[in-house]
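Below is one structure, written out as structure tokens; the observations come after it.
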Amino acid sequence: MLEIKDIEKLAKLARIELTTEEKENLLKEVDPILGYVTQLKEVVSSVGETKKAGELRNVTREDTNPNETESNTEILVADMPESQGNYLKVKKIL
Amino acid sequence: MIDLKNLTIKKTHEALVRGDYSVVELASAYLEQIKKTDKDIHAYLEVYSDVLEQAKVADEKIKNGTATVLTGIPISIKDNILIKGRIASSASKILENYIATYDATVIEKLKKEGVVFIGRTNMDEFAMGGSTENSAYGPTKNPFDIERVPGGSSGGAAASVASDEALVALGSDTGGSIRQPASFCGLVGLKPTYGAVSRHGVMAMGSSLDQIGPFGKTVKDVEILFNAIKGQDMMDSTTIPDKAVEVLEDKKMKIGVPRDFLNMGGIDESVVKSFEESLEKLKGLGHEIVDIELPNLKYSLAVYYVIVPAEVSSNMARFDGMRFGKRLSGKDGIEDYFLSRQAGLGREVKRRIILGTYVLSSGYYDAYYNKANIVRELITNDYKKAFEKVDVIITPTTPGPAFKIEEKAGDPLKMYLEDIFTVPINLAGVPAISVPFGFKEIGDKKLPLGIQFIAKHGGEEVLFSISKDLLGEK
């Protein structure tokens with residue numbers, strides 16, 4: 001069973017502020033879902049951990065033909081919440 | 001007056017080439033229809049202001065003989081697919097004013113064909129949901145009964161075609177988000193093989209499951225649109241070379257019915273009845289029906305609701321209010337994240353992020369995420385084994401017809417159970433199509449039902465062939 005402090009910890013890891021009501025709702029909703037998915041443990045314990053790499057593999061390509069410098073600057077800057085010239089503006093970190 | 005109800009891509013193309021009407025007249029007819037019906041349906045988040053200009057360009061192509069079958073075809077686009085210079089919000093507050101900076105590969109392909117983009121359609125926020133009620137901009141209504149949902153997450157896409165506000169549509173499907181709304185709205189909807197269609201420029205939700213796919217009123221329309229958008233793409237490393245399974249004309253198929261899976265209960269009797277009728281009809285057409293076993297499919301939802309939140313919590317991390325999207329100002333940079341995500345993301349999105357963060361966190365990763373992947377492989381192997389014996393598998397698309405707005409909104413588990421027939425297909429990466437078959441009558445309303453065909457990887461042609469046969473489409 002999860003507790004409110006678990007939800008708070010997860011919210012902090014996920015960088016989301018939650019109201020008290022949101023935390024209580026999440027607690028109510030997440031617990032039954034976690035209960036439902038515990039059936040997976042029983043299946044796996046009956047078949048054993050047989051996970052293989054399967055058909056998945058990395059697909060890579062040469063890092064060539066970059067966009068021309070500044071060809072997308074204007075449209076990208078236009079989407080920024082705050083900007084100054086061609087720079088993204090954020091709060092001071094140090 | 002153009003008879004929008006009975007238009008298909010092919011009929012429209014022939015009429016345009018013959019000069020029965022122009023693309024401008026055709027597009028105007030759709031805009032007129034939107035004006036009439038969309039205040040009740042709410043399929044669109046935005047109808048583009050340049051539809052007629054796009055139509056004029058298409059008319060030129062038709063005049064100078066460079067038109068393809070898709071030139072001038074009015075299409076709606078789900079709000080999570082990028083069109084350069086236009087808003088793409090995924091029906092979320094956090095992207096309310098986000099303007100796409102490039103074209104998705106599917107859009108690039110459709111632009112070459114000269115289609116007319118009518119507008120962007122409503123959806124569950126970031127494609128998380130099965131009813132379109134999770135949109136930050138209000139729900140879409142089912143054109144067959146506006147007290148009911150159109151399904152989701154591509155509910156706006158389905159409603160736009162079902163109410164003749166677009167001829168065809170593009171949606172996306174992670175666990176049923178094309179097939180379930182197609183079923184609820186009496187349409188054909190295709191979830192292609194994982195990797196068949198490039199996802200470059202579609203907002204990621206469950207990256208190991210997402211596919212873009214078409215909606216239409218006929219199998220042929222869906223087939224034409226699929227052939228136009230498919231193909232390997234340098235910009236999406238999960239795309240695969242075309243290795244389509246070919247089908248001989250008039251081929252009689254062996255159709256598998258997963259009886260055990262269908263007998264687990266909770267399925268509306270109208271669905272069972274219409275499903276059995278479809279089997280009879282297919283038998284009558286000369287196909288062979290056999291029972292098959294897919295013993296691990298009953299764990300699909302448990303697998304899905306570990307893998308999806310895990311992938312969601314990673315994919316949603318990019319929405320932090322820094323480089324684009326809504327930013328709320330706190331006392332420092334880190335608080336900007338917390339406040340922007342609180343204000344910008346909806347309830348279901350937050351729920352999946354929290355769940356995903358939990359199943360991926362240290363100490364729980366093995367217990368949930370790894371186990372889900374092991375069972376996912378069992379499910380994939382079930383299909384592999386079944387396709388050694390049969391050409392195609394058949395199930396209903398959904399356990400029931402369209403449900404009422406708010407009927408399931410308060411209970412996430414109940415909502416998730418809606419996806420029982422559609423989710424396992426995405427886990428295995430195989431293609432599936434939903435076709436309209438039968439109705440459930442409630443009062444004076446006739447609610448459409450759907451049949452789902454499933455084929456092996458690359459088996460879209462098999463799906464088109466058997467679907468056309470069932471529907472009597474030539």
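Quick notes on this structure:
- Looking at chain A, the helices (runs of 4 or more DSSP H) lying wholly inside it that each contain 3 or more residues that are at pLDDT 90 or above, farther than 22 Å from B:Ala367 by Cβ and out of contact with any helix residue (DSSP H, G or I) (no Cβ under 7 Å at 6 or more places or on another chain) sit at A:20-37, A:73-78.
- One residue from A:Glu42, A:Glu8, A:Glu22, A:Glu3 being within 8 Å of chain B (Cβ to nearest Cβ) and of a type in the set (Asp, Glu): A:Glu22
- Any hit, the range B:297-304, residues being out of contact with any strand residue (DSSP E or B) (no Cβ under 6 Å at 6 or more places or on another chain), at positive phi and either more than 14 Å from chain A (Cβ to nearest Cβ) or not in a loop (DSSP other than H, G, I, E, B) (or both): no
- Test: residue in the range A:64-73 that is farther than 30 Å from B:Ser329 by Cα and at the interface with chain B (Cβ under 8 Å from one of its Cβ atoms): no
- Selection within the range B:129-182 - farther than 19 Å from B:Ala432 by Cβ and hydrophobic (A, V, I, L, M, F, W, C): B:Ala136, B:Phe144, B:Ile146, B:Val149, B:Ala159, B:Ala162, B:Ala166, B:Leu167
- Failed item, numbered, when B:Leu328 is tested on (1) aliphatic (A, V, I, L, M); (2) surrounded by 15 or more Cβ atoms within 10 Å (Cβ to Cβ); (3) modelled with pLDDT of 95 or more; (4) closer than 27 Å to B:Lys456 by Cβ: (4)
- Scanning the range B:53-71 for residues that are in a helix (DSSP H, G or I), among the hydrophobic types (A, V, I, L, M, F, W, C) and in contact (Cβ under 8 Å) with a residue 60 or more places away in the chain turns up just one, B:Ala55.
- The residues listed here are B:Val271, B:Val290; of these, the one that is assigned to a strand (DSSP E or B) and either touching a Phe, Trp or Tyr at 6+ places or on another chain (Cβ under 9 Å) or modelled with pLDDT of 95 or more (or both) is B:Val290.
- Of the numbered criteria (1) of a type outside the set (Val, Ile, Thr); (2) part of a strand (DSSP E or B); (3) under 29 Å from A:Lys28 (Cβ atoms), the one B:Leu447 fails is (3).
- Verdict on B:Arg352 being in a helix (DSSP H, G or I), of a type in the set (Lys, Arg) and modelled with pLDDT of 95 or more: yes
A quick yes/no check of all residues on (1) surrounded by fewer than 24 Cβ atoms within 10 Å (Cβ to Cβ); (2) hydrophobic (A, V, I, L, M, F, W, C):
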site: B:Lys191; (1), (2): no, no
site: B:Tyr194; (1), (2): yes, no
site: B:Arg199; (1), (2): yes, no
site: B:Val202; (1), (2): no, yes
site: B:Ser208; (1), (2): yes, no
site: B:Ile212; (1), (2): no, yes
site: B:Val219; (1), (2): yes, yes
site: B:Phe226; (1), (2): yes, yes
site: B:Gly231; (1), (2): yes, no
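- Pick from the range B:406-434, criterion within 13 Å of chain A (Cβ to nearest Cβ) and farther than 26 Å from B:Pro139 by Cβ, ranking: surrounded by the most Cβ atoms within 10 Å (Cβ to Cβ): B:Leu427
- Test: residue in the range B:312-324 that is under 27 Å from the mean Cα position of the chain (by Cα), hydroxyl-bearing (Ser, Thr, Tyr) and within 30 Å of B:Gly438 (Cα to Cα): no
- Within the option set B:Ile354, B:Ile374, B:Ile393, B:Ile379, being touching a strand residue (DSSP E or B) at 6+ places or on another chain (Cβ under 9 Å) and either within 26 Å of B:Ser177 (Cα to Cα) or small (Gly, Ala, Ser) (or both) holds for one residue only, B:Ile393.
- Residues of the range B:340-376 satisfying the condition of being polar (S, T, N, Q), farther than 21 Å from A:Thr38 by Cβ and surrounded by fewer than 23 Cβ atoms within 10 Å (Cβ to Cβ): B:Gln342
The values are calculated or read from the model by the stated rules, or taken from the named source; none is laboratory data. Just so it is clear, the structure is predicted and the values come from calculations on it, not from any experiment. Using ideal geometry, Cβ is built from the backbone for each residue, glycine included, and neighbour counts are taken over all protein chains shown.
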